[in-house]
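Heads up, the thing below is written out as C-alpha cells.
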Amino acid sequence: MKKCRSIKFLSRMIPLIIFTVFIGFAASKLISQALAAEPAKPAAKPTAKPAEAPPAKPAEPTKPAEKVSPVLDPKDPKSVLYLDTKGKLAGTGDPAKSGPASEAVKAGQGWHPAALAAQILPKDRYGLINWAKAAKDNIITPRHSLDPKEEEMPAMDMDVVIEAKSDFVSDVVYPHYIHTWWLKCEVCHPAIFLPAKGQNNMTMAGIAEGKWCGRCHGKIAFPLADCNRCHTQPKRAVKK
Amino acid sequence: MIRGWLVAGVLVLVLSSIGFAKLGNIIFDDKIESLKKAGMPPAVFPHAKHEDIYKCEDCHPNIFKDKRGANDVTMHKNMNGEFCGAAECHNSPKAFPLYMCNKCHIK
C-alpha cells in the first residue's frame, strides 16, 4: 500500500517539477537580460588617470567620461599635452566623437577637412595621420627650430633592441632615426630615458600609464593601440 | 499531503536555480614562468560578464575551443588577432584595448 502511494505521488510530482524547472530557466534568462540591459554604461569603468593613453580606434567614444584636468607640467609624467575642446584626451581620429580638435580649430583655424580628405597626409590603420610616413616621404619639411641661429642636428640612425620580458611577446626595435628627425637629444635624455643600455627597467603597464614611451605615445605621437607597430622582432625560439 | 507539497516546493526551488548558474572566472596560468619573468600576475577571464553580452556561438568554437586547456593562449597571439585580441573584441573599438594590462592581469 505504501509503495502504491509513493508511485502515485511521484507520477504527479515529476511533470510538475519538470514544468517548474522550465519556468525557472525562462525566468532566469529574462532576469539576466534585464540586468544586462540597464547599465550599458560605466558600471565597470575604473577611474581613468589623466595619463591613460586614449583608445585610438576611430569610432570609439573616449571612455574616460570625466574631464581631465589640464596639468601642463613638463616634469610630471601624467601631464596632458593635448586636450580637445571637450576636455578629454584628443587623438581618437574621429572629430564627430571628440568634438573640434582644439580651441584653434574651433575658432576656425586648423586642418581644413577638405585637405585631410584629399589624402595629402598619409593615414595609419586607425585613421590617424601617420606623421612618420609624412616625414619619410618628404610630404612635410618643417624647420628644425624656431630660432634661426640654432644649428640643425642631423638625425642619428641607431636601432635599439628592447627585449620583452615574456617568452612570447616580440621584442621592440626602437628606431632612433625617426625620433631624432623630430627631437633633440635633450628631450628624452636623461630625463625620460637613461642613455645606457639596460638601465631603464620599463614595463608595458608603466608605459600605458605615461612613463617612458608613454610620455609621448598616446599623447602627441601615435597611441599604443597597435601593438605590432613597435613589437616587430619575434623571439627566436618560442619556449613552451 | 502537506509533506508531499513541501518536498515538491523544495525540489522546485533547488532545481530551478540551475538556470541562474554561470561559469566562473577562468585564470590563464599555464604560462606562469613566462608571466613571472614579465612580472605580471596571470590574466583572469570573467566568463559571467561575457555571458551577459554574448551568445555561446559568438566565441565557441571559432575563437576559443570550449574545453579547458585546449587553447594555447599567449599575449603574442592576442596581439596578432587570435583569442582575446580577435578583430571584433579587444582589438576593436567594442572593448578596451590590449595595452590596458591591469584590467585582466589583476593583482
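The values are calculated or read from the model by the stated rules, or taken from the named source; none is laboratory data. Keep in mind the model is a prediction, meaning the values are calculated, not measured. Note: ideal-geometry Cβ built from the backbone for every residue, glycine included; neighbour counts use all protein chains shown. For the accessible areas, the whole protein counts, side chains as well, though only heavy atoms, and no ligand, DNA or RNA atoms are used. Shrake-Rupley method; radii C 1.70, N 1.55, O 1.52, S 1.80 Å.
For an R0 of 56 angstrom, estimate the FRET efficiency from the Cβ-Cβ distance between residue A:136 and residue A:30 and round to the nearest 0.05. After rounding, the FRET efficiency stands at 0.45. Quick one: which residues, 5+ away or cross-chain, put their amide H under 5 Å from the amide H of residue A:171? H built at 1.01 Å from N. Correct list: A:164, A:233, A:235. Distant-in-sequence amide contacts of residue B:27, defined by a placed amide H-H separation under 5 Å and a gap of 5 or more residues or a different chain, comprise B:45. Here is the interface size for B with A: some 3100 Å² of accessible area buried, both sides summed, with a 1.4 Å probe.
Taking the C-alpha atoms only, the angle from helix B:2-16 to the longest principal axis of chain B is near 10 degrees. Here the contact order of chain B, divided by its residue count and restricted to Cα pairs under 8 Å and six or more residues apart, works out to 22 percent. If you take the square roots of the eigenvalues of the alpha-carbon gyration tensor of segment A:178-230 and sort them as a ≥ b ≥ c, do you get rounded (a/c under 1.5), prolate (a/b over b/c) or oblate? Oblate, since a/c reaches 1.5 and b/c is not below a/b. For chain B, pairs of C-alpha atoms spaced more than 18 angstrom apart make up 59 percent of the total. Specify whether the C-alpha gyration tensor of segment B:1-60 places it in the rounded, prolate or oblate class, a ≥ b ≥ c being the square roots of the eigenvalues: rounded for a/c under 1.5, otherwise prolate if a/b is larger than b/c and oblate if not. Prolate.
Shielding by partners for peptide B:46-56, expressed as the average number of C-beta atoms from other protein chains within 10 Å of each residue's C-beta, is 1. Once the cut-off is 22 Å, how many percent of the Cα-Cα pairs in segment A:121-227 end up in the long-distance tail? Pairs farther apart than 22 Å: 39 percent. Each peptide in B:94-103, A:159-168 gets a packing score, the mean of other Cβ atoms within 10 Å over its residues, and the list from highest to lowest is B:94-103, A:159-168.
Once you have the alpha carbon radius of gyration of segment B:37-95, what is it after dividing by 2.2 N^0.38 Å, with N set to its residue count? All intermediate terms of the calculation are to be shown ahead of the outcome.
On the way: Rg = 12.0 Å, N = 59, 2.2 N^0.38 = 10.4 Å.
For segment B:37-95, the normalised Cα radius of gyration is 1.16.
Our coupling estimate for segment B:55-63, obtained by passing each phi through the Karplus curve with A = 6.51, B = -1.76, C = 1.60 and θ = phi - 60°, is 8, 4, 6, 5, 10, 9, x, 5, 9 Hz, Gly and Pro reported as x.
So what's the net charge close to residue A:134: Lys and Arg +1, Asp and Glu -1, counting the other residues with Cβ under 13 Å from its Cβ?
Working: positive: A:123, A:133, A:136; negative: A:124, A:137.
Spelling it out: positives minus negatives among the neighbours equals +1.
Quick one: which of A:137-143, B:2-8, A:182-188, A:201-207 comes out on top by average Cβ neighbours within 10 Å, and what's the full order, highest first? Display every interim value, and only then the final one.
On the way: A:137-143: 9.3, B:2-8: 11.3, A:182-188: 13.7, A:201-207: 17.3.
Ranked by mean Cβ neighbours within 10 Å, highest first: A:201-207, A:182-188, B:2-8, A:137-143.
Which net charge results for the neighbourhood of residue B:1, defined as the other residues with beta-carbon distances under 14 angstrom from its beta-carbon, given Lys and Arg at +1 and Asp and Glu at -1? Present the calculation step by step, with values, prior to reporting the outcome.
Numbers: positive: A:5, A:8, A:12, B:3; negative: none.
Charge balance near residue B:1 sits at +4.
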